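Notes to accompany the following structure.
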Amino acid sequence: MIPFALFGCSRETAVPRKLAAQLTHFDRVGRARMVDVGAKAETHRVAIASGRITMRPATFRMVAEGGAAKGDVLGVARVAAIQAAKRTADLVPLAHPIPLTKVAVEFDLNAAASTVTLFATVECRGRTGVEMEALAAAAIGLLTVYDMVKATDRGMVVGELRVEEKRGGASGTYVRTDARRPRQSR
């Protein structure tokens with residue numbers, strides 16, 4: 001039996017009460033909740049997220065040249081990423097449904113490393129940020145790349161999913177100190 005009380009939390013939440021007070025998705029006793037953003041001002045919000053998929057050189061060439069049996073891998077991944085951004089509230093339980101004004105997806109192809117890096121830029125005019133929408137777009141876009149070429153390379157690795165930048169709202173601007181930017185976008 002785990003002594004939850006020793007960690008300052010209950011069996012129900014397993015989130016320490018002191019930590020729960022700092023996290024907006026938990027109430028004062030540590031129960032999950034959706035944050036009330038009703039009193040926040042509507043501002044222009046932007047988030048850029050990226051992720052990377054690494055594959056064998058032969059698979060990379062197939063993706064880059066558009067030669068996959070299932071079709072245009074990057075084109076389909078772009079549409080999947082856009083759809084994921086639009087559906088984030090259905091995928092992430094405490095995310096707010098947000099009327100997005102823009103979703104843009106770019107790919108950076110690195111032949112030397114056999115990697116595809118996906119950059120998702122999401123914008124809205126609203127009361128809460130769009131970081132989750134950008135992260136969902138990057139993740140689902142890369143999973144779509146995996147799905148479309150997995151028959152030729154099951155050893156692909158999807159990773160390095162992260163927020164590169166966010167702007168707007170009370171917390172202001174955040175730019176990762178080692179932020180990636182597309183070198184040659186596609």
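The values are calculated or read from the model by the stated rules, or taken from the named source; none is laboratory data. Since the structure is predicted, the reported quantities are computational estimates derived from the model, not experimental observations. Neighbour counts run over all protein chains shown; Cβ positions are idealised from the backbone, glycine included. What goes into the accessible areas is simple: the full protein's heavy atoms, side chains included, and nothing from ligands, DNA or RNA. Shrake-Rupley method; radii C 1.70, N 1.55, O 1.52, S 1.80 Å.
Annotations for the structure displayed:
- Criterion violated by Thr24 - all others in (1) outside any strand (DSSP E or B); (2) open to solvent by 20 Å² or more (accessible area, probe 1.4 Å); (3) out of contact with any helix residue (DSSP H, G or I) (no Cβ under 7 Å at 6 or more places or on another chain); (4) modelled with pLDDT of 95 or more satisfied: (4)
- Evaluating Leu118 against the criteria (1) at pLDDT below 95; (2) closer than 11 Å to Ala49 by Cβ leaves one unmet condition, (1).
- Looking across Ala134, Ala95, Ala64, one residue alone is within 26 Å of Arg45 (Cα to Cα), modelled with pLDDT of 95 or more and either among the aromatic types (Phe, Trp, Tyr) or open to solvent by less than 30 Å² (accessible area, probe 1.4 Å) (or both). It is Ala134.
- Within segment 68-124, the set of residues being farther than 26 Å from Met34 by Cβ, part of a loop (DSSP other than H, G, I, E, B) and either in contact (Cβ under 8 Å) with a residue 40 or more places away in the chain or of a type in the set (Ser, Thr, Tyr) (or both) comprises Ala68, Ala69, Lys70, Gly71, Ala111, Ala113, Ser114.
- If the condition is being open to solvent by less than 30 Å² (accessible area, probe 1.4 Å) and modelled with pLDDT of 85 or more, then segment 27-47 contributes Arg45, Val46, Ala47.
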